[in-house]
Amino acid sequence: MTETSISCPLPAPPGDLVQMAHGGGGRLMNTLLRTVFLPAFDNPLLAAAHDGAAFPSPARRLAFTTDSYVVRPLFFPGGDIGSLAVHGTVNDLAMCGATPTSLSAGFILEEGLPLETLRRVVRSMAAAAARAGVAIVTGDTKVVERGKGDGVYICTAGIGAIDHELAIRPGSVRAGDAILLSGDLGRHGVAILAARSELAMESEVESDSAPLAEPVRALLASGAEVHCLRDLTRGGLAAAAIEIAEFCRIDARLDEGAIPVSDPVRSACELLGFDPLHLANEGRFAAWVAEKDADRALAALRSCPATAGASRIGTMTRAGHGTVTLRIPMGAERALDMLAGEQLPRIC
Amino acid sequence: MKYIDEYRDPAAARGLARAIEKVVTRPWKLMEVCGGQTNTIVRFGLDGMLPAGVTLLHGPGCPVCVTPLELIDRALAIAALPGVIFVSFGDMLRVPGTRGDLLGARAAGADVRIVLSPLDAVRIAQENPSRQTVFFGVGFETTAPATALAVATAERDGVSNFSLLVSHVLVPPAIEAIMGSPTNQVQGFLAAGHVCTVMGFTEYEPIAARYNVPIVVTGFEPLDILQGVLLCVTQLEEGRAVVENQYSRSVRRDGNLPARTLVEDVFEVIPRKWRGIGEIPASGLGLRPRFARFDAESRFDVASIRTEEPPECISGLVLQGLRTPLECPAFGTRCTPERPLGATMVSAEGACAAYYRHRRTAPAGAP
């Protein structure tokens with residue numbers, strides 16, 4: 001083991017596979033760390049080769065979150081498990097109104113995974129972290145026997161700095177709040193579905209997977225009174241709107257005509273019998289802001305490229321049971337409900 | 001989105017609703033046959049746009065809903081066999097059998113897969129020659145040609161490890177069963193546009209004449225359905241009872257001849273059990289003797305599995321338009337999409353699920 005191997009790793013021949021010993025704590029694991037993880041995530045805290053990262057607190061108030069990523073396939077149009085594992089956790093921090101600063105990354109690798117696949121995932125993570133302005137400062141690797149994993153599972157946890165006095169959380173939502181949506185819905189859900197080869201569905205849709213810290217900073221910098229933020233991952237907009245409404249026991253009305261959905265996503269939904277309001281997103285969020293600041297907040301979102309397509313989609317109407325109604329362009333209204341399980345493609 | 005948005009135009013919809021109001025002089029009860037139509041009606045709130053006297057009853061045209069419990073139990077038995085790959089359309093996976101559903105079978109270790117086309121099941125069989133691949137062939141005349149094509153392909157390519165659990169049913173016998181019932185309330189039908197795209201509508205003409213009931217072949221978009229209602233109530237007001245084609249952009253009088261020929265080559269008409277209704281003579285499709293070796297029920301010896309329907313579920317009455325989901329004492333309490341008693345609560349096209357999904361306006365926590 002020499003210093004040069006850190007900065008100049010020998011490329012492993014293609015066809016090299018993850019072995020049980022890569023998680024065994026011995027020489028092979030050490031080589032994996034030095035040749036794959038350390039060069040990609042390169043930062044002083046990680047280079048210290050300690051059991052954890054020790055650093056001064058980036059702010060008086062912190063946000064802390066964790067998430068696990070088990071997506072199949074590992075690579076899909078618009079992203080991969082690596083970028084997703086960074087964006088997902090960075091976005092959960094952003095939804096707390098925090099600026100993400102550091103992440104941990106735990107890898108569960110399946111025996112037999114090509115090392116080149118792992119390198120691709122790790123490179124993608126590093127690029128996503130750089131784009132989001134966070135450092136991956138500590139990590140862990142385990143290997144499970146062949147057949148007991150889907151190639152790679154990643155668990156990331158993150159810390160973010162909160163440098164404002166707002167209480168951004170479901171309990172802060174008030175009757176009369178405006179509900180804003182950061183962009184069009186359903187891209188990630190459709191991209192993943194199309195990428196799973198067993199459905200044999202072709203689609204041009206790319207995942208919307210993206211970091212959301214920048215638009216959230218712009219939103220907060222606008223001075224708007226932001227009450228709550230929620231990223232629209234599993235369960236989509238419908239689940240988020242219902243969870244918030246039921247938690248604070250305030251009814252909500254959404255205007256279906258104001259909710260942007262791209263034509264390719266709509267086509268896929270028409271074909272499969274899916275509702276875009278229930279589809280997963282990885283780069284979209286909803287914001288509950290004081291009515292008086294709705295226009296200012298919307299303008300701030302629209303000034304960021306990632307949220308240029310933001311729109312106002314509804315209002316928290318009055319204290320109640322937390323019912324969310326959807327106004328349909330044709331004039332009628334219907335109650336929105338969460339799904340019982342996954343959306344399943346219908347027969348005809 | 002082209003070819004969709006034109007049929008969802010709010011101003012045009014209001015215009016049709018006004019035209020219906022102008023025509024109607026007394027109450028009429030119409031039945032939309034297809035579950036896809038039911039879903040459009042509830043999702044877009046179309047019934048709320050109609051004059052008070054015009055009632056839409058939700059018909060038996062959801063393939064998931066009418067598949068009898070017995071067949072689900074047979075599917076579960078086959079799926080649980082070692083070495084079997086059980087392939088199905090997505091919404092069959094949550095339909096409860098006597099003990100659990102196919103999603104539960106998958107969790108317990110069965111290899112259950114979702115496809116969009118029956119031909120994919122043949123491909124799966126070819127890719128797994130040492131295992132048995134079984135396709136759950138569910139649906140009305142709309143999906144029957146694709147299933148027939150899968151069987152014909154398996155025969156042509158000698159895919160002997162492919163078989164079919166058949167549950168195809170036919171619309172006209174169901175309409176006749178409803179019209180022949182002494183408790184019938186239906187005065188006019190919106191026939192299922194996609195079924196007629198395959199089959200045409202000549203077989204509905206004798207039914208319209210025999211029962212003196214107007215039948216309008218209708219599409220699935222909001223304007224299609226409103227126009228179908230307008231044509232149907234106009235006939236009723238004028239005392240006419242014929243078959244009319246609202247969905248002419250898709251349906252021809254004789255249907256799709258190659259598709260019909262394929263279905264007739266592979267299948268023959270047999271009696272079938274309907275969930276909640278019971279056996280209807282000549283109401284379904286079974287494999288012709290020439291294709292009998294592709295019949296999963298005999299290959300896996302499950303034909304002896306017999307099951308009775310749970311007594312509390314009124315889905316049979318709902319499917320015949322005799323009750324609405326809201327008249328069921330179990331609706332929303334002992335029967336929900338998470339724990340369905342019957343298939344009408346499971347499928348996206350089922351009347352109970354459509355009511356539950358779009359109308360759950362009762363206060364949270366209240367029954």
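Computed values, structure above
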item	result
Over region B:1-49, volume per residue of the alpha carbon convex hull, in Å³	94
Heavy-atom accessible surface of region B:315-356: percent carbon and sulfur, 1.4 Å	52
Exercise: per-residue mean of other protein chain Cβ atoms within 10 Å, A:322-330	5
Kirkwood Rh, angstrom, chain A [1 / mean 1/r, Cα pairs]	21.4
Estimated distance in nm for a label pair at A:Arg72 and B:Leu326, the labels positioned 7 Å out from Cα along Cα-to-Cβ	4.3
Peptide ranges A:258-265, A:157-164 listed from the most packed, as the mean C-beta count within 10 angstrom indicates	A:157-164, A:258-265
Most positive-pole-ward Cα, B:Val302, B:Ile41, B:Thr197, against dipole of chain B from beta carbon charges	B:Ile41
D_trans [Stokes-Einstein, Kirkwood Rh over alpha-carbon pairs] for the protein assembly as shown, 20 °C, 1.002 mPa s, µm² s⁻¹	77
Of the DSSP H helices in chain A, those whose Cα atoms cover at least 18 Å axially and whose Kyte score averages -0.5 or more	A:81-95, A:115-132, A:236-248
Estimated vicinal HN-Hα couplings, Hz - region B:76-88 in sequence order (Karplus 6.51, -1.76, 1.60; Gly, Pro = x)	5, 5, 5, 4, 7, 6, x, x, 8, 9, 9, 10, 8
Listed residues B:Val195, B:Val54, B:Val166, most fluctuating in chain B (Gaussian network, C-alpha, under 10 Å)	B:Val54
Whole-number Å³ per residue for the convex hull built on Cα positions in region A:141-245	168
Residue among A:Met338, A:Met316, A:Met330 with the largest mean-square fluctuation in a Gaussian network model of chain A, springs linking Cα atoms under 10 Å	A:Met330
Average projection area in nm² (convex hull over Cα atoms of region A:170-335, one quarter of hull surface)	9.4
Surface accessible to a 1.4 Å probe, per residue, for the residues of chain B, Å²	39
Within region A:152-261, GluC sites (Glu not before Pro) in DSSP loop having at most 14 other beta-carbon neighbours inside 10 Å	A:Glu165, A:Glu202, A:Glu204
Base-10 log of normalised Debye intensity for region B:76-177 (one unit scatterer per alpha-carbon) at q = 0.16, 0.20, 0.23 Å⁻¹	-0.68, -0.99, -1.20
Normalised alpha carbon radius of gyration of region A:253-348 [divisor 2.2 N^0.38 Å]	1.22
Under 5 Å, built H, 5+ apart or other chain: amide partners of A:Leu17	A:Leu115
Hz values of 3J(HN,Hα) by residue in region A:39-54 - Karplus curve (6.51, -1.76, 1.60), Gly and Pro given as x	x, 6, 8, 2, 7, x, 5, 6, 5, 5, 6, 9, 6, x, 9, 10
Helical mean residue ellipticity (222 nm; -39500 (n - 2.57) per DSSP H run of 4+; nearest 500) of the protein assembly as shown	-9500 deg cm²/dmol
B:Thr143 accessible area, 1.4 Å probe, all protein chains in place, Å² to nearest 10	10
Per-q log10 I(q)/I(0), region B:221-297, q = 0.17, 0.20 Å⁻¹ (Debye; single scatterer per alpha-carbon; no solvent)	-0.94, -0.99
Near-label residues of region A:55-86 by backbone N, under 14 Å of a point 7 Å along Cα→Cβ of A:Lys142	A:68-69
Acute angle (nearest 10 degrees) that the helix B:10-23 long axis makes with the longest principal axis of chain B, alpha-carbon atoms	60
Most to least packed among B:87-98, B:60-71, B:271-282 [average Cβ atoms within 10 Å]	B:60-71, B:87-98, B:271-282
Low-density loop cleavage sites - trypsin sites (Lys or Arg not before Pro) in region A:249-348, where at most 14 other Cβ are within 10 Å (DSSP)	A:Arg249
Alpha carbon convex hull of region A:60-180, projected area averaged over orientations, nm²	9.2
Under-5 Å amide H pairs with B:Leu57, H placed in peptide plane, nonlocal only	B:Leu30, B:Met31, B:Glu32
C-alpha long axis of helix B:257-266 to longest principal axis of chain B, angle in °	40
Residue with peak Gaussian network fluctuation, chain B [Cα springs, cutoff 10 Å], from B:Ala12, B:Ala353, B:Ala208	B:Ala12
Cα-derived Rg to Rh of chain B, Kirkwood definition	0.97
Table column - 3J(HN,Hα) (Hz), region B:161-178, Karplus curve with 6.51, -1.76, 1.60, x for Gly and Pro	8, 9, 8, 10, 9, 8, 9, 7, 10, 10, 6, x, x, 5, 5, 5, 4, 5
Kirkwood hydrodynamic radius of region B:84-123, Cα pairs, Å	10.5
Stretch gain in nm, segment B:Thr202-B:Ser248, where the contour uses 0.36 nm per residue and the Cα spacing is subtracted	15.1 nm
Cβ neighbours within 10 Å from other chains - mean over A:332-338	6
Distance from region B:2-16 to region A:34-74 (C-alpha centre basis), Å	53
Sorted peptide list for B:302-308, B:41-47, A:267-273, B:133-139, criterion being average Cβ within 10 angstrom, highest first	B:133-139, B:41-47, A:267-273, B:302-308
Cα-based convex hull volume of region B:315-356 per residue, rounded to whole Å³	56
Prolate/oblate/rounded call for region B:252-292, Cα gyration tensor, a/c under 1.5 rounded	oblate
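The values are calculated or read from the model by the stated rules, or taken from the named source; none is laboratory data. The shown structure was predicted, so the numbers you read here are calculated from the model rather than taken from an experiment. Neighbour counts run over all protein chains shown; Cβ positions are idealised from the backbone, glycine included. The protein model used for the area step is the full one, side chains on, heavy atoms only, and it has no ligands, DNA or RNA in it. Shrake-Rupley method; radii C 1.70, N 1.55, O 1.52, S 1.80 Å.
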